[in-house]
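Contents: one structure, followed by commentary.
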Amino acid sequence: HTFQVIKKGAVGAVPGNSAARATEAVATGSAVKGANMSSQRPATKGHHRGERHYHGQAYRLYSRFAKDQCLLKRQLLSMMKALVKEGKFKVSSQAQLKTFVDEQFQRFDVNQDASMSFEEFMDFFDAWLDFNAQALLDTYRSNASDVEMVFMKFDVNHDFNLTADELRKLVVARNPQGLSPPPDSEIGGIVDDFIKRYAVKNSGIGLSFEEFAKVYNELCDNITAMHLRMRKAVMEQTGFRGLMKRCDSREELLNAIESRFDGDIWFVPKHEVIQAANKAVISGKRPLFLDTPPGELDFAASEFREKHIKVVDVQELAMRNADGTITAEKACSILSENIREAMQAGYQLVLRLGHAAPDWMISWNKECLPVEFLDPASTTPGRNSDSYSDLAGIFKQANAEPQVNEGFTITLTSCFSMHTYREYLRAKLPFQWIQPIQVCGTSFEEVHKVMVEGLPNDEMDEELAFLDQLGDALTSQ
(Lines give C-alpha, C1' and ligand atoms only; values in the text may rest on other atoms or scores of the structure.)
Protein backbone atom coordinates (compact mmCIF):
# COMPACT_ATOMS: atom_id res chain seq x y z
CA HIS A 1 0.00 0.00 0.00
CA THR A 2 1.07 3.57 -0.59
CA PHE A 3 1.29 5.82 2.47
CA GLN A 4 -2.10 7.15 3.53
CA VAL A 5 -2.25 8.75 6.95
CA ILE A 6 -5.09 10.34 8.89
CA LYS A 7 -3.88 13.41 10.77
CA LYS A 8 -5.91 14.60 13.71
CA GLY A 9 -6.44 18.36 13.47
CA ALA A 10 -5.62 18.54 9.76
CA VAL A 11 -9.19 19.21 8.62
CA GLY A 12 -10.22 22.77 9.24
CA ALA A 13 -6.78 23.89 10.37
CA VAL A 14 -5.50 27.12 8.82
CA PRO A 15 -1.81 27.23 7.85
CA GLY A 16 0.04 29.96 9.67
CA ASN A 17 2.71 31.05 7.23
CA SER A 18 2.22 32.45 3.74
CA ALA A 19 5.92 31.98 3.05
CA ALA A 20 5.13 28.33 2.38
CA ARG A 21 3.18 29.47 -0.69
CA ALA A 22 5.97 28.45 -3.04
CA THR A 23 4.87 25.53 -5.15
CA GLU A 24 6.45 22.08 -5.18
CA ALA A 25 8.27 20.22 -7.95
CA VAL A 26 6.49 18.71 -10.96
CA ALA A 27 7.75 16.47 -13.76
CA THR A 28 10.98 18.40 -14.10
CA GLY A 29 11.52 18.52 -10.35
CA SER A 30 11.11 22.29 -10.42
CA ALA A 31 8.57 24.85 -9.21
CA VAL A 32 5.39 25.46 -11.19
CA LYS A 33 2.86 28.23 -10.52
CA GLY A 34 -0.28 26.88 -8.90
CA ALA A 35 1.08 23.41 -8.15
CA ASN A 36 1.60 23.64 -4.40
CA MET A 37 1.02 20.15 -3.04
CA SER A 38 1.62 21.09 0.57
CA SER A 39 0.94 24.29 2.41
CA GLN A 40 2.49 22.84 5.55
CA ARG A 41 5.59 24.40 7.01
CA PRO A 42 8.29 22.76 9.05
CA ALA A 43 7.23 22.71 12.70
CA THR A 44 8.80 25.25 15.01
CA LYS A 45 8.71 25.58 18.74
CA GLY A 46 5.24 26.54 19.85
CA HIS A 47 3.64 25.36 16.59
CA HIS A 48 1.49 22.35 17.43
CA ARG A 49 0.00 20.23 14.69
CA GLY A 50 -2.04 17.87 16.86
CA GLU A 51 -1.33 14.25 17.67
CA ARG A 52 0.14 12.15 14.85
CA HIS A 53 -1.13 8.61 14.47
CA TYR A 54 1.72 7.28 12.36
CA HIS A 55 4.61 7.74 14.80
CA GLY A 56 5.57 4.04 14.72
CA GLN A 57 5.52 3.84 10.94
CA ALA A 58 7.64 6.98 10.51
CA TYR A 59 10.06 5.88 13.23
CA ARG A 60 10.61 2.47 11.62
CA LEU A 61 11.34 4.15 8.30
CA TYR A 62 13.69 6.67 9.92
CA SER A 63 15.56 4.02 11.90
CA ARG A 64 16.00 1.91 8.77
CA PHE A 65 18.04 4.58 6.98
CA ALA A 66 19.33 7.07 9.58
CA LYS A 67 22.57 6.62 11.50
CA ASP A 68 23.13 7.94 15.03
CA GLN A 69 19.75 9.73 15.01
CA CYS A 70 20.77 11.76 11.95
CA LEU A 71 19.42 11.38 8.42
CA LEU A 72 21.80 12.71 5.78
CA LYS A 73 20.70 13.80 2.30
CA ARG A 74 22.19 10.70 0.64
CA GLN A 75 20.34 8.54 3.17
CA LEU A 76 17.07 10.33 2.41
CA LEU A 77 17.71 9.71 -1.30
CA SER A 78 18.32 6.01 -0.56
CA MET A 79 15.08 5.91 1.43
CA MET A 80 13.05 7.48 -1.39
CA LYS A 81 14.64 5.14 -3.96
CA ALA A 82 13.61 2.22 -1.78
CA LEU A 83 10.05 3.54 -1.51
CA VAL A 84 9.92 4.00 -5.28
CA LYS A 85 11.17 0.43 -5.77
CA GLU A 86 8.53 -0.84 -3.34
CA GLY A 87 5.81 1.08 -5.19
CA LYS A 88 5.06 3.34 -2.23
CA PHE A 89 6.18 6.57 -3.90
CA LYS A 90 6.12 7.28 -7.62
CA VAL A 91 8.16 9.59 -9.79
CA SER A 92 8.75 9.67 -13.51
CA SER A 93 12.57 9.59 -13.43
CA GLN A 94 15.61 9.26 -11.20
CA ALA A 95 16.55 12.85 -12.06
CA GLN A 96 13.18 14.05 -10.81
CA LEU A 97 13.62 12.08 -7.59
CA LYS A 98 17.07 13.55 -6.95
CA THR A 99 15.83 17.11 -7.54
CA PHE A 100 12.87 16.42 -5.25
CA VAL A 101 15.16 15.15 -2.46
CA ASP A 102 17.56 18.10 -2.85
CA GLU A 103 14.76 20.66 -2.57
CA GLN A 104 12.88 18.94 0.25
CA PHE A 105 15.99 18.25 2.30
CA GLN A 106 16.85 21.95 2.18
CA ARG A 107 13.27 22.83 3.12
CA PHE A 108 12.94 20.51 6.13
CA ASP A 109 16.48 20.75 7.51
CA VAL A 110 15.28 23.65 9.65
CA ASN A 111 18.46 24.25 11.62
CA GLN A 112 20.64 23.79 8.49
CA ASP A 113 23.00 21.27 10.09
CA ALA A 114 23.12 19.08 6.94
CA SER A 115 21.06 16.34 8.59
CA MET A 116 17.44 15.67 9.52
CA SER A 117 16.52 15.01 13.12
CA PHE A 118 13.56 12.70 13.70
CA GLU A 119 11.30 15.68 14.39
CA GLU A 120 12.35 17.30 11.10
CA PHE A 121 11.80 13.99 9.32
CA MET A 122 8.30 13.81 10.84
CA ASP A 123 7.50 17.11 9.12
CA PHE A 124 8.80 15.73 5.82
CA PHE A 125 6.73 12.57 6.36
CA ASP A 126 3.71 14.70 7.22
CA ALA A 127 4.06 16.82 4.06
CA TRP A 128 4.71 14.08 1.51
CA LEU A 129 4.36 10.45 2.53
CA ASP A 130 0.75 10.70 3.68
CA PHE A 131 -0.39 11.44 0.11
CA ASN A 132 -1.61 8.72 -2.18
CA ALA A 133 1.38 8.34 -4.50
CA GLN A 134 -0.65 8.07 -7.67
CA ALA A 135 -2.64 11.19 -6.83
CA LEU A 136 0.63 13.04 -6.24
CA LEU A 137 2.02 11.91 -9.57
CA ASP A 138 -1.22 12.82 -11.35
CA THR A 139 -0.98 16.33 -9.89
CA TYR A 140 2.63 16.55 -11.05
CA ARG A 141 1.64 15.58 -14.59
CA SER A 142 -1.38 17.90 -14.67
CA ASN A 143 0.58 20.98 -13.61
CA ALA A 144 3.55 20.11 -15.82
CA SER A 145 1.10 19.94 -18.70
CA ASP A 146 -0.23 23.43 -17.88
CA VAL A 147 3.26 24.94 -18.00
CA GLU A 148 4.09 23.01 -21.15
CA MET A 149 1.02 24.53 -22.85
CA VAL A 150 2.22 28.05 -21.93
CA PHE A 151 5.67 27.24 -23.30
CA MET A 152 4.30 25.81 -26.56
CA LYS A 153 1.96 28.75 -27.08
CA PHE A 154 4.83 31.25 -27.16
CA ASP A 155 7.45 28.99 -28.75
CA VAL A 156 6.16 30.11 -32.15
CA ASN A 157 8.75 28.31 -34.30
CA HIS A 158 8.56 25.17 -32.12
CA ASP A 159 12.30 24.86 -31.67
CA PHE A 160 11.85 24.04 -27.94
CA ASN A 161 13.53 27.32 -27.07
CA LEU A 162 11.92 30.55 -25.82
CA THR A 163 13.92 33.42 -27.27
CA ALA A 164 14.01 36.89 -25.72
CA ASP A 165 11.44 38.10 -28.26
CA GLU A 166 9.08 35.19 -27.51
CA LEU A 167 9.50 35.69 -23.78
CA ARG A 168 8.72 39.39 -24.25
CA LYS A 169 5.42 38.45 -25.94
CA LEU A 170 4.58 36.20 -22.99
CA VAL A 171 5.14 39.07 -20.54
CA VAL A 172 2.98 41.42 -22.64
CA ALA A 173 0.20 38.81 -22.93
CA ARG A 174 -0.07 38.57 -19.14
CA ASN A 175 -0.98 42.25 -18.81
CA PRO A 176 -4.29 42.55 -16.87
CA GLN A 177 -7.31 43.87 -18.70
CA GLY A 178 -7.75 47.60 -18.13
CA LEU A 179 -4.11 48.24 -17.19
CA SER A 180 -1.97 50.15 -19.65
CA PRO A 181 0.82 48.11 -21.29
CA PRO A 182 4.09 48.21 -19.33
CA PRO A 183 6.88 50.38 -20.76
CA ASP A 184 9.39 48.55 -22.96
CA SER A 185 12.13 49.25 -20.43
CA GLU A 186 10.24 47.33 -17.70
CA ILE A 187 9.51 44.36 -19.97
CA GLY A 188 13.05 44.35 -21.32
CA GLY A 189 14.46 44.43 -17.80
CA ILE A 190 12.57 41.26 -16.82
CA VAL A 191 13.33 39.42 -20.05
CA ASP A 192 17.03 40.31 -20.14
CA ASP A 193 17.46 39.36 -16.48
CA PHE A 194 15.90 35.90 -16.92
CA ILE A 195 17.76 35.16 -20.15
CA LYS A 196 21.06 36.23 -18.58
CA ARG A 197 20.59 34.23 -15.37
CA TYR A 198 18.84 31.08 -16.56
CA ALA A 199 19.44 30.49 -20.30
CA VAL A 200 22.33 28.06 -19.78
CA LYS A 201 21.55 25.30 -22.24
CA ASN A 202 21.42 27.64 -25.25
CA SER A 203 24.19 29.98 -24.10
CA GLY A 204 22.04 33.00 -23.35
CA ILE A 205 19.96 32.79 -26.53
CA GLY A 206 16.75 31.53 -24.93
CA LEU A 207 15.17 29.32 -22.26
CA SER A 208 14.75 25.60 -22.82
CA PHE A 209 11.53 24.03 -21.52
CA GLU A 210 13.33 22.61 -18.47
CA GLU A 211 14.79 26.04 -17.65
CA PHE A 212 11.43 27.72 -18.25
CA ALA A 213 9.59 25.26 -15.97
CA LYS A 214 12.16 25.75 -13.24
CA VAL A 215 11.82 29.55 -13.15
CA TYR A 216 8.14 29.88 -14.10
CA ASN A 217 7.09 30.78 -10.55
CA GLU A 218 9.75 33.46 -10.25
CA LEU A 219 8.84 34.87 -13.66
CA CYS A 220 5.15 35.12 -12.69
CA ASP A 221 6.08 36.83 -9.42
CA ASN A 222 8.24 39.37 -11.28
CA ILE A 223 5.46 40.15 -13.76
CA THR A 224 2.93 40.54 -10.92
CA ALA A 225 5.30 42.87 -9.05
CA MET A 226 5.64 44.99 -12.21
CA HIS A 227 1.83 45.26 -12.50
CA LEU A 228 1.53 46.26 -8.84
CA ARG A 229 4.09 49.01 -9.34
CA MET A 230 2.14 50.28 -12.31
CA ARG A 231 -1.16 50.28 -10.39
CA LYS A 232 0.50 52.11 -7.50
CA ALA A 233 1.87 54.73 -9.88
CA VAL A 234 -1.59 55.28 -11.37
CA MET A 235 -3.13 55.66 -7.93
CA GLU A 236 -0.44 58.09 -6.77
CA GLN A 237 -0.92 60.22 -9.87
CA THR A 238 -4.71 60.31 -9.94
CA GLY A 239 -6.03 58.89 -6.67
CA PHE A 240 -9.15 56.74 -6.55
CA ARG A 241 -11.38 59.78 -6.30
CA GLY A 242 -9.91 61.03 -9.56
CA LEU A 243 -10.71 57.72 -11.23
CA MET A 244 -14.28 57.85 -9.92
CA LYS A 245 -14.74 61.35 -11.31
CA ARG A 246 -14.37 59.90 -14.78
CA CYS A 247 -17.61 57.97 -14.21
CA ASP A 248 -20.10 60.84 -14.28
CA SER A 249 -23.11 58.52 -14.33
CA ARG A 250 -24.15 55.06 -13.22
CA GLU A 251 -24.04 53.99 -16.86
CA GLU A 252 -20.37 54.98 -17.11
CA LEU A 253 -19.59 53.16 -13.87
CA LEU A 254 -21.29 49.97 -15.11
CA ASN A 255 -19.34 50.24 -18.36
CA ALA A 256 -16.12 50.57 -16.35
CA ILE A 257 -16.81 47.28 -14.52
CA GLU A 258 -18.35 45.48 -17.48
CA SER A 259 -15.47 42.99 -17.53
CA ARG A 260 -16.07 41.83 -13.93
CA PHE A 261 -17.27 38.41 -15.14
CA ASP A 262 -14.55 37.94 -17.77
CA GLY A 263 -11.46 36.82 -15.86
CA ASP A 264 -10.46 33.76 -13.86
CA ILE A 265 -11.86 35.52 -10.78
CA TRP A 266 -15.15 37.42 -10.93
CA PHE A 267 -15.89 40.61 -8.95
CA VAL A 268 -19.32 41.45 -7.52
CA PRO A 269 -20.95 43.58 -4.82
CA LYS A 270 -22.96 41.86 -2.09
CA HIS A 271 -26.35 42.47 -3.72
CA GLU A 272 -25.16 40.71 -6.93
CA VAL A 273 -24.14 37.47 -5.18
CA ILE A 274 -27.17 35.40 -6.16
CA GLN A 275 -27.02 36.59 -9.79
CA ALA A 276 -23.32 35.66 -9.91
CA ALA A 277 -24.06 32.21 -8.46
CA ASN A 278 -26.59 31.61 -11.23
CA LYS A 279 -24.11 32.74 -13.90
CA ALA A 280 -21.52 30.31 -12.52
CA VAL A 281 -24.03 27.44 -12.61
CA ILE A 282 -24.95 28.26 -16.21
CA SER A 283 -21.25 28.21 -17.11
CA GLY A 284 -20.95 24.70 -15.63
CA LYS A 285 -19.06 25.64 -12.45
CA ARG A 286 -19.62 25.56 -8.70
CA PRO A 287 -19.49 29.16 -7.38
CA LEU A 288 -16.98 29.82 -4.57
CA PHE A 289 -17.54 33.24 -3.00
CA LEU A 290 -14.55 34.95 -1.39
CA ASP A 291 -14.64 37.63 1.31
CA THR A 292 -12.79 40.91 1.77
CA PRO A 293 -9.85 40.87 4.22
CA PRO A 294 -9.75 40.08 7.07
CA GLY A 295 -12.75 37.86 6.32
CA GLU A 296 -14.98 38.95 9.19
CA LEU A 297 -17.98 40.24 7.21
CA ASP A 298 -18.85 37.00 5.39
CA PHE A 299 -20.81 38.99 2.78
CA ALA A 300 -21.95 36.08 0.62
CA ALA A 301 -23.20 33.82 3.42
CA SER A 302 -25.16 36.69 4.98
CA GLU A 303 -26.74 37.53 1.59
CA PHE A 304 -27.94 33.95 1.14
CA ARG A 305 -29.33 33.84 4.69
CA GLU A 306 -31.16 37.13 4.11
CA LYS A 307 -32.80 35.53 1.05
CA HIS A 308 -33.80 32.51 3.20
CA ILE A 309 -31.57 30.09 1.30
CA LYS A 310 -30.36 27.17 3.42
CA VAL A 311 -26.78 27.60 4.65
CA VAL A 312 -24.85 24.69 6.24
CA ASP A 313 -21.97 25.76 8.49
CA VAL A 314 -19.11 23.53 7.30
CA GLN A 315 -16.62 25.49 9.43
CA GLU A 316 -18.40 24.34 12.59
CA LEU A 317 -18.25 20.70 11.45
CA ALA A 318 -14.56 21.06 10.54
CA MET A 319 -13.69 22.51 13.95
CA ARG A 320 -15.63 19.80 15.77
CA ASN A 321 -13.72 17.23 13.72
CA ALA A 322 -10.42 18.98 14.47
CA ASP A 323 -10.97 18.98 18.25
CA GLY A 324 -12.11 15.34 18.23
CA THR A 325 -15.77 16.00 19.10
CA ILE A 326 -16.85 14.19 15.93
CA THR A 327 -15.02 12.02 13.42
CA ALA A 328 -14.45 12.96 9.79
CA GLU A 329 -16.91 10.17 8.90
CA LYS A 330 -19.60 11.78 11.09
CA ALA A 331 -18.95 15.27 9.68
CA CYS A 332 -19.27 13.91 6.15
CA SER A 333 -22.42 11.99 7.09
CA ILE A 334 -24.08 15.21 8.34
CA LEU A 335 -23.13 17.02 5.13
CA SER A 336 -24.26 14.08 3.02
CA GLU A 337 -27.71 14.13 4.60
CA ASN A 338 -28.13 17.85 3.86
CA ILE A 339 -26.95 17.40 0.27
CA ARG A 340 -29.26 14.41 -0.31
CA GLU A 341 -32.27 16.38 0.94
CA ALA A 342 -31.40 19.29 -1.38
CA MET A 343 -30.99 16.93 -4.34
CA GLN A 344 -34.31 15.20 -3.70
CA ALA A 345 -36.24 18.42 -3.02
CA GLY A 346 -34.49 20.39 -5.77
CA TYR A 347 -33.23 23.49 -3.97
CA GLN A 348 -30.04 25.54 -3.67
CA LEU A 349 -27.75 24.57 -0.80
CA VAL A 350 -24.99 26.85 0.48
CA LEU A 351 -21.93 25.34 2.19
CA ARG A 352 -20.24 27.97 4.36
CA LEU A 353 -16.54 27.17 4.73
CA GLY A 354 -15.72 30.29 6.75
CA HIS A 355 -12.02 30.11 7.66
CA ALA A 356 -11.96 26.31 7.42
CA ALA A 357 -10.22 24.26 4.74
CA PRO A 358 -11.90 20.81 4.73
CA ASP A 359 -9.98 18.28 2.66
CA TRP A 360 -12.62 17.02 0.24
CA MET A 361 -9.93 15.46 -1.94
CA ILE A 362 -8.60 13.01 0.67
CA SER A 363 -9.70 12.87 4.32
CA TRP A 364 -13.27 14.09 3.66
CA ASN A 365 -13.63 12.09 0.44
CA LYS A 366 -15.82 9.33 1.95
CA GLU A 367 -18.23 6.76 0.58
CA CYS A 368 -21.11 8.78 2.04
CA LEU A 369 -19.69 12.01 0.59
CA PRO A 370 -17.70 11.32 -2.61
CA VAL A 371 -15.88 14.37 -3.98
CA GLU A 372 -17.99 14.04 -7.16
CA PHE A 373 -20.81 15.90 -5.38
CA LEU A 374 -18.79 19.03 -6.25
CA ASP A 375 -18.73 18.15 -9.96
CA PRO A 376 -21.57 19.99 -11.74
CA ALA A 377 -21.55 17.39 -14.54
CA SER A 378 -22.18 14.57 -12.03
CA THR A 379 -25.17 16.34 -10.46
CA THR A 380 -27.08 17.51 -13.55
CA PRO A 381 -30.78 17.38 -12.56
CA GLY A 382 -33.39 15.20 -14.23
CA ARG A 383 -31.41 12.13 -15.32
CA ASN A 384 -32.27 8.51 -14.53
CA SER A 385 -30.89 7.02 -11.32
CA ASP A 386 -28.31 4.82 -13.11
CA SER A 387 -26.48 7.91 -14.37
CA TYR A 388 -25.83 9.05 -10.80
CA SER A 389 -23.63 6.09 -9.87
CA ASP A 390 -20.87 8.41 -8.58
CA LEU A 391 -23.34 9.75 -6.01
CA ALA A 392 -24.71 6.39 -4.83
CA GLY A 393 -22.99 6.68 -1.44
CA ILE A 394 -24.93 9.87 -0.63
CA PHE A 395 -28.23 8.00 -0.98
CA LYS A 396 -27.06 4.67 0.47
CA GLN A 397 -27.54 5.57 4.14
CA ALA A 398 -31.14 6.59 3.38
CA ASN A 399 -31.77 3.42 1.31
CA ALA A 400 -32.91 5.66 -1.54
CA GLU A 401 -32.34 5.64 -5.28
CA PRO A 402 -30.01 8.42 -6.51
CA GLN A 403 -32.13 11.36 -7.62
CA VAL A 404 -31.31 14.97 -8.48
CA ASN A 405 -34.31 17.19 -9.16
CA GLU A 406 -34.53 20.50 -11.01
CA GLY A 407 -33.46 23.45 -8.91
CA PHE A 408 -30.62 21.69 -7.10
CA THR A 409 -27.33 23.56 -6.94
CA ILE A 410 -24.46 23.80 -4.47
CA THR A 411 -22.75 27.10 -3.67
CA LEU A 412 -19.60 27.50 -1.56
CA THR A 413 -18.74 30.57 0.50
CA SER A 414 -15.41 31.27 2.20
CA CYS A 415 -13.84 33.94 4.40
CA PHE A 416 -10.59 33.66 2.43
CA SER A 417 -9.89 36.31 -0.20
CA MET A 418 -8.77 36.18 -3.82
CA HIS A 419 -5.17 36.49 -2.55
CA THR A 420 -5.32 33.63 -0.02
CA TYR A 421 -7.89 31.04 -1.09
CA ARG A 422 -5.52 29.06 -3.31
CA GLU A 423 -2.93 28.80 -0.56
CA TYR A 424 -5.41 27.38 1.94
CA LEU A 425 -7.69 25.32 -0.34
CA ARG A 426 -5.16 23.95 -2.84
CA ALA A 427 -5.29 20.13 -3.07
CA LYS A 428 -8.43 20.22 -0.91
CA LEU A 429 -10.94 21.51 -3.46
CA PRO A 430 -11.09 20.38 -7.10
CA PHE A 431 -10.44 23.82 -8.62
CA GLN A 432 -11.31 22.60 -12.12
CA TRP A 433 -14.99 22.57 -11.04
CA ILE A 434 -14.88 25.88 -9.17
CA GLN A 435 -15.57 29.48 -10.20
CA PRO A 436 -14.00 31.87 -7.64
CA ILE A 437 -16.00 35.07 -7.10
CA GLN A 438 -14.61 37.94 -5.02
CA VAL A 439 -17.25 39.93 -3.12
CA CYS A 440 -16.08 43.55 -3.03
CA GLY A 441 -18.33 45.19 -0.46
CA THR A 442 -21.81 46.52 -1.06
CA SER A 443 -21.53 48.81 -4.10
CA PHE A 444 -20.35 48.89 -7.70
CA GLU A 445 -17.95 51.69 -6.71
CA GLU A 446 -16.19 49.23 -4.40
CA VAL A 447 -16.08 46.66 -7.22
CA HIS A 448 -14.44 49.28 -9.45
CA LYS A 449 -11.91 50.11 -6.75
CA VAL A 450 -10.90 46.45 -6.28
CA MET A 451 -10.61 45.92 -10.04
CA VAL A 452 -8.34 48.97 -10.34
CA GLU A 453 -6.48 48.99 -7.05
CA GLY A 454 -6.77 45.45 -5.72
CA LEU A 455 -7.85 44.32 -2.26
CA PRO A 456 -6.35 45.68 0.96
CA ASN A 457 -3.65 43.51 2.50
CA ASP A 458 -4.81 40.41 4.31
CA GLU A 459 -3.06 40.43 7.68
CA MET A 460 -4.22 36.97 8.75
CA ASP A 461 -0.80 35.38 8.33
CA GLU A 462 0.89 38.13 10.36
CA GLU A 463 -1.69 37.69 13.14
CA LEU A 464 -1.18 33.92 13.18
CA ALA A 465 2.59 34.40 13.24
CA PHE A 466 2.16 36.68 16.25
CA LEU A 467 0.11 33.98 18.00
CA ASP A 468 2.91 31.50 17.27
CA GLN A 469 5.41 33.88 18.88
CA LEU A 470 3.13 34.32 21.86
CA GLY A 471 2.86 30.54 22.15
CA ASP A 472 6.67 30.32 22.13
CA ALA A 473 6.91 32.84 24.96
CA LEU A 474 4.26 31.09 27.06
CA THR A 475 5.66 27.58 26.61
CA SER A 476 9.20 28.74 27.45
CA GLN A 477 8.17 30.14 30.84
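The values are calculated or read from the model by the stated rules, or taken from the named source; none is laboratory data. No experiment lies behind these values; they were computed from the predicted model shown. Note: ideal-geometry Cβ built from the backbone for every residue, glycine included; neighbour counts use all protein chains shown. Side chains are part of the model used for accessible areas, which takes the heavy atoms of the whole protein and leaves out ligands, DNA and RNA. Shrake-Rupley method; radii C 1.70, N 1.55, O 1.52, S 1.80 Å.
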Relative packing of peptides 432-442, 399-409 - highest average C-beta neighbours within 10 Å first: 432-442, 399-409
Distance (nanometres) between label positions extended 7 Å along Cα→Cβ at His158 and Gln397: 5.3 nm
Amide hydrogen neighbours beyond the local backbone of Arg383, cut-off 5 Å, H modeled: Val404
Tyr347 long-range amide H proximity, modeled H, under 5 Å: Phe408, Thr409
³J(HN,Hα) computed for each position of region 192-201 - Karplus, 6.51 cos²θ - 1.76 cosθ + 1.60, integer Hz, glycine/proline x: 4, 5, 6, 5, 5, 7, 10, 7, 8, 4
Integer Hz, Karplus 6.51/-1.76/1.60 couplings in order for region 281-292, x for Gly and Pro: 4, 4, 7, x, 10, 8, x, 10, 8, 10, 9, 7
Projected label distance in nm at Glu406 and Asp262, using a 7 Å step from Cα toward the beta-carbon: 3.5 nm
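Top to bottom by accessible area (1.4 Å), largest first, where do Arg74, Arg174, Arg64, Arg260 land? Before the final figure, lay out each step's value.
Values: Arg74 160, Arg174 100, Arg64 130, Arg260 30 Å².
Final ranking, largest accessible area leading: Arg74, Arg64, Arg174, Arg260.
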Residue-wise HN-Hα coupling along region 387-395, computed from phi with Karplus coefficients 6.51, -1.76, 1.60 (Hz; x: Gly, Pro): 7, 9, 4, 5, 9, 4, x, 5, 9
